[in-house]
Amino acid sequence: MKKKLSNQFLGNFFVIFFIMILDIVLAFVLLSYASGLISDSLIKNKFPASAIIKDDYRQIDISAVVENGGGIQVVDKEYRVVYSRGLDTIGKDRLTAEEFTTFLTESPKKPYHYDILYNPKGEFWLIVTFPTSIRLDFSLVYNKDAPASDFMRSGLVIALVVFAYLLILALFAFIYSRITAASITVPLQKLCDGTRLLREGDYSVRVDLRLKNEFAQLQDTFNDMASRIEHEISLRKKSEEDRKKLILDISHDLKNPMSSIQGYTELLMEKSGMTEKERNEYLEIILNNSKKTNKLLNELFELSQMDSPEFSLKLNKTDICEYIRQVCGDLVPQLEREGFLYEFDISEESIFLMLDTDRFGRIFQNLANNTLQYNPQGTLVSVRLTVENNQAVIDFSDDGIGVPAHLADNIFMPFIRVDDFRNSKTGGSGLGLSIAKKIAEAHGGDLTLHPKQDRGSTFRIRIPII
Ligand code: ADP
């Protein structure tokens with residue numbers, strides 16, 4: 001790719017240089033043609049020395065020349081300036097033979113047009129001077145009577161100069177084309193390398209072109225794409241790890257009650273001469289383990305239901321203040337029975353939300369169950385409802401044992417429990433908070449944990465107000 005682009009650039013530059021040379025030649029041809037066209041109308045050609053010269057220079061009509069900004073000088077054979085009118089570029093009354101020769105030879109280089117004519121009768125030179133407007137001195141002069149050796153030498157020099165000129169031009173075209181091509185091929189190559197690495201699975205690859213042109217935009221798009229892919233891949237890895245962990249946790253949590261059910265059922269079937277009391281004890285163990293297994297499976301089903309694309313809430317416009325007051329009222333008898341203290345701070349005004357009240361009730365039920373289950377008697381339970389940033393904020397707090405800070409972020413993940421041993425005894429599956437958070441999220445809100453500085457914890461539910 002690099003070679004092809006470079007060669008294409010080189011070809012293009014040669015074509016452009018060739019066109020430029022043709023253009024220059026054409027410009028000279030046009031210039032000489034155009035100057036031929038206008039030459040008759042130029043002042044200097046209107047008053048040639050031959051037209052005004054007289055044998056007696058005093059009779060020369062100088063008026064038209066002087067009026068048109070020109071000048072007339074007459075130099076006699078002694079090189080004295082015997083007559084001078086109008087523009088005078090000689091500036092002396094007398095010249096030496098050497099000075100006059102220099103004047104004659106140098107005159108074509110000066111910004112004046114000199115028309116010099118010798119009058120043999122009057123023995124003087126008539127010099128008609130006009131200022132030159134613009135003049136380009138470029139002409140090809142040759143004489144076929146010149147010696148062949150001179151022709152050879154001059155021709156060779158001209159050929160060499162043209163050859164050197166073309167060679168330098170070609171060299172410039174080559175270098176310039178390579179530099180221009182490199183400004184495209186180098187960033188392109190870097191982007192190609194980056195894409196190749198990405199294809200080979202290196203998602204950390206980023207391209208740094210240090211450019212500010214369109215390639216920089218391409219670089220930003222590429223880097224953005226790479227970081228998105230990297231992010232997606234890491235999410236996929238994490239979700240794969242989570243899935244594996246979930247399967248491990250489920251099988252671990254099902255293994256114990258299932259083996260216990262199997263063991264006691266076999267015992268019931270095989271053991272003879274069992275007392276009524278013994279038999280009831282075994283049946284109770286089987287029943288408890290069945291309940292535990294059933295609860296776990298139901299919660300797992302609920303959790304996976306909420307992850308399925310078909311899951312939807314049955315939303316109704318609900319006054320959240322009224323609803324929370326009702327839920328708290330229902331909670332009071334249980335709190336009092338268990339010896340818990342309570343305080344509720346719920347606004348009297350109406351705040352309307354779109355709620356699936358059945359599902360939303362599960363959040364409250366779970367938070368209340370946890371508080372009662374994991375905290376000692378005398379724990380103060382408080383519920384507070386405020387409005388913040390167009391969201392209803394419900395704080396469900398207790399001043400109990402609290403959740404350790406290091407678990408605060410993960411406590412909403414399935415099967416996360418503060419104390420595995422204690423919970424498995426008390427029957428906690430570690431799924432309740434995951435379900436509660438998913439319900440809050442399905443309502444467009446969130447459920448977060450804010451460990452309290454002193455004691456206990458605050459679970460905060462946020463739901464957008466309509
Ligand atoms: P579980 O079914 O085990 O209760 P959850 O997801 O509801 O599962 O709770 C996860 C863990 O968080 C619990 O096992 C418990 O250790 C801890 N926890 C939840 N709420 C509280 C609370 N109010 N006070 C202390 N610990 C709590």
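The values are calculated or read from the model by the stated rules, or taken from the named source; none is laboratory data. Predicted model, so just to flag it, every value in this text is computed and none were measured. For neighbour counting, all protein chains shown are included, and Cβ atoms are generated from backbone atoms with ideal geometry for every residue, glycine included. All accessible areas refer to the heavy atoms of the entire protein, side chains included, with ligands and DNA or RNA removed. Shrake-Rupley method; radii C 1.70, N 1.55, O 1.52, S 1.80 Å.
For segment 215-306, the relative contact order is 28 percent, taking Cα pairs closer than 8 Å that sit 6 or more residues apart in sequence and dividing their mean separation by the residue count.
Which order do 446, 145 take when ranked by solvent-accessible area (1.4 Å probe, heavy atoms of all protein chains), largest first? Intermediate values should be presented prior to the final figure.
Details: 446 50, 145 125 Å².
I get 145, 446, largest accessible area first.
Solvent-accessible surface (1.4 Å probe) assigned to residue 454 amounts to roughly 130 Å².
Could you tell me what percent of the DSSP beta bridges with both partners in the chain are antiparallel, to the nearest 5? Could the numbers behind the result be given before it?
Numbers: 46 of 52 bridges.
In the chain, approximately 90 percent of DSSP beta bridges are antiparallel ones.
In whole percent, how big is the carbon plus sulfur part of the accessible area of the chain, probe 1.4 Å, protein atoms only?
Carbon with sulfur: 58 percent of the solvent-accessible area.
In what order, largest first, do 364, 301, 352 sit by accessible area if the probe radius is 1.4 Å?
Details: 364 5, 301 125, 352 85 Å².
Per-residue accessible area, sorted high to low, gives 301, 352, 364.
Residues whose amide H lies under 5 Å from that of residue 381, counting only those 5 or more places away or on a different chain, are 341, 342, 343; hydrogens are built 1.01 Å from N in the peptide plane. Residue ranking by accessible heavy-atom surface, 1.4 Å probe, largest first, among 443, 252, 450 comes out as 252, 450, 443.
3J(HN,Hα) along segment 30-41: 4, 4, 5, 5, 5, 5, x, 5, 8, 4, 5, 8 Hz, from the Karplus curve 6.51 cos²θ - 1.76 cosθ + 1.60 with θ = phi - 60°, whole Hz, x for Gly and Pro.
Run the numbers on the chain and let me know its relative contact order in percent, using alpha-carbon pairs under 8 Å that are six or more apart. Intermediate values should be presented prior to the final figure.
Numbers: 516 pairs, mean separation 42.9, N = 466.
Relative contact order of the chain: 9 percent.
Counted over segment 47-132, the DSSP beta bridges are approximately 100% antiparallel. Couplings 3J(HN,Hα) for segment 63-80, derived from phi with the Karplus relation 6.51 cos²θ - 1.76 cosθ + 1.60 (θ = phi - 60°), are 4, 4, 5, 5, 4, 8, x, x, x, 10, 10, 10, 10, 8, 5, 8, 6, 8 Hz, where x marks Gly and Pro. Rounded to the nearest 10 square angstrom, residue 274 shows an accessible area of 40 square angstrom against a 1.4 Å probe.
Against the longest principal axis of the chain, how steep is helix 148-199, in degrees 0 to 90 to the nearest 10, with axes from Cα atoms? Rounded to the nearest ten degrees, it is 10.
Axis angle, to the nearest 10 degrees, between helix 214-270 and the longest C-alpha principal axis of the chain: 10 degrees. When peptides 113-121, 164-172 are sorted by average Cβ neighbour count within 10 Å, with the highest value leading, the order is 113-121, 164-172.
For segment 47-132, the spread of Cα coordinates along the three principal axes comes to 31, 30, 19 Å, biggest extent given first. Taking amide hydrogens as placed 1.01 Å from N in the peptide plane, the amide H of residue 387 sits under 5 Å from those of 393, each at least 5 positions away in sequence or on another chain.
Measuring between their Cα centroids, segment 223-254 and segment 105-141 lie 96 Å from each other.
An oblate overall shape is assigned to segment 285-338, the ratio a/c of its alpha-carbon gyration tensor axes (a ≥ b ≥ c) being 1.5 or greater and a/b not exceeding b/c.
Think of it as helices only: each DSSP H run of n ≥ 4 in the chain is worth -39500 (n - 2.57), and spread over all residues that comes to -19000 deg cm²/dmol at 222 nm.
What does the C-alpha gyration tensor say about the overall shape of segment 307-366? Classify as rounded when a/c is under 1.5, otherwise prolate if a/b is larger than b/c, or oblate.
Working: a/c = 3.59, a/b = 1.50, b/c = 2.40.
Note, shape of segment 307-366 comes out oblate.
Residue 322 contributes an accessible area of around 90 Å² to the protein surface, as traced by a 1.4 Å probe with all chains present.
In the context of the full set of protein chains, residues of the chain present 64 Å² of accessible surface per residue (probe radius 1.4 Å, heavy atoms only).
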